[in-house]
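The values are calculated or read from the model by the stated rules, or taken from the named source; none is laboratory data. The model shown is predicted, which means the values in this text are computed figures rather than measured ones. No Cβ is skipped: glycine too gets one built from the backbone with ideal geometry, and neighbour counts run over all protein chains shown. The accessibility values were calculated without ligands, DNA or RNA, using every heavy atom of the protein model including side chains. Shrake-Rupley method; radii C 1.70, N 1.55, O 1.52, S 1.80 Å.
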Amino acid sequence: GLKAVLLTHLLWAEQPSRDAAWRDETAALPEADALRDDIETLSPATRLPCFELALARLAKAPLRERQDLILAARRMLTAARTGRPIDRLLWLAMRRAFGESPWAAAHNPAEGDIAELPALEMRYIAHYTAHLARMVPGTEPARDPDNAAGQRWYTAVMARWQPPAAVLDWHRPDVDAVVHALNGLQALSWMQRPLLVRAWIGEALALTRPAPLQPGAADALRLSCMLLDCPLPPELSRLYVDLGTA
């Protein structure tokens, strides 16, 4: 059941091949369709917390069951010709929750400002922020086909720590660049990672006010907090249901 719940989060309407893969992966579970219906009727405030809860529960399962879920998720993701930017974060969250530990020791002063980081770390920040810019601040692709809002957000974030001439031009990073960037960000100190998260959220809110963050943008930022082992800032946590008290 947990497997069906987690795999349902990888579904989206424009990919019938992924739907077929989901049915193959859940064929042995009679209640899979009912679970899917439950997940698909959840509000944006509840959907991702349910994903995290199911992930935490399955993380306690035997290794074989966790491996089975990872392989099933990979088959679903590769069944689709194209994917969504959020798929990469969901996939990485599954791998991290199930025991992958790429954490490296921080080699910069814990209290150091992000602007003082070496060029390599700043490149990691730029690459991961560029990936988030495909989802943040959350403008609908039909209204913004060139992702102009996302590029403005990316530039505003990077300009917090770099002069305009030093900010790398926005480009869409490939999968390897996103994974390497995330591994690099995880090596930042426990004080620097929350600073980065607050910069992402602050610049996103500056572009969307008075409207709140769009659900897709909020989900991307929440997953990033999870991947960077950062607490949710109040501006983000208030957008979601706390399943521990609900």
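Can you bin region 206-246 into rounded, prolate or oblate? Criterion: square roots of the alpha carbon gyration tensor eigenvalues sorted a ≥ b ≥ c, rounded for a/c under 1.5, prolate for a/b above b/c, oblate for the rest. Verdict is oblate for region 206-246. The charge dipole of region 167-246, taken about its Cα centre with unit charges on the Cβ atoms of Lys, Arg (+1), Asp and Glu (-1) only, comes to about 240 debye. A dipole drawn for the chain from +1 and -1 charges on Cβ atoms has a positive end, and of 70, 162, 147 the residue lying farthest that way is 70. Loop-located trypsin sites (Lys or Arg not before Pro) in region 174-246 (DSSP state not H, G, I, E or B) with no more than 14 neighbouring Cβ atoms inside 10 Å: 238. For the chain, the per residue solvent-accessible surface stands at 51 Å², with DNA, RNA and ligands left out and a 1.4 Å probe. Computed from point charges on the beta carbon alone (+1 for Lys and Arg, -1 for Asp and Glu), the dipole magnitude for region 112-160 about its Cα centre is near 100 Debye. Per-residue 3J(HN,Hα) values for region 164-170, derived from phi via the Karplus relation 6.51 cos²θ - 1.76 cosθ + 1.60 with θ = phi - 60°, read x, 5, 8, 6, 5, 4, 5 Hz in sequence order (x marks Gly and Pro). So how tilted is helix 175-186 from the main axis of the chain? Cα-based, degrees 0 to 90, rounded to 10. Here the helix axis deviates by roughly 70 degrees.
Couplings for region 113-127, taken from phi via the Karplus curve 6.51 cos²θ - 1.76 cosθ + 1.60 with θ = phi - 60°, read 6, 4, 4, 8, 5, x, 4, 5, 5, 5, 5, 4, 4, 5, 5 Hz in order; Gly and Pro are left as x.
Axis of helix 85-97 versus longest Cα principal axis of the chain: the two differ by about 80°, to the nearest ten degrees.
Determine the share of region 33-104's accessible area contributed by carbon and sulfur atoms, expressed in whole percent, with a 1.4 angstrom probe. Walk me through the numbers on the way to the answer.
Values: 2020 of 3880 Å².
Carbon-and-sulfur percentage of accessible area, whole number: 52.
Computed as a quarter of the hull surface, the mean projected area of the alpha carbon convex hull for region 1-152 stands at 11.5 nm². In the context of the full protein assembly, residue 191 retains an accessible surface of approximately 80 Å², using a probe radius of 1.4 Å and ignoring ligands and nucleic acids.
With only Lys, Arg, Asp and Glu charged, each at its Cβ (+1 for the first two, -1 for the last two), find how big the charge dipole of the chain is about the Cα centre; round to the nearest 20 debye.
On the way: 27 positive and 29 negative charges, 31 e Å.
Rounded to the nearest 20 debye, it is 140 debye.
Between 0 and 90 degrees, the angle of helix 215-227 with respect to the longest Cα principal axis of the chain falls at about 80 degrees. Computed per residue of the chain from DSSP H runs no shorter than four, each worth -39500 (n - 2.57), the mean residue ellipticity at 222 nm is -18000 deg cm²/dmol.
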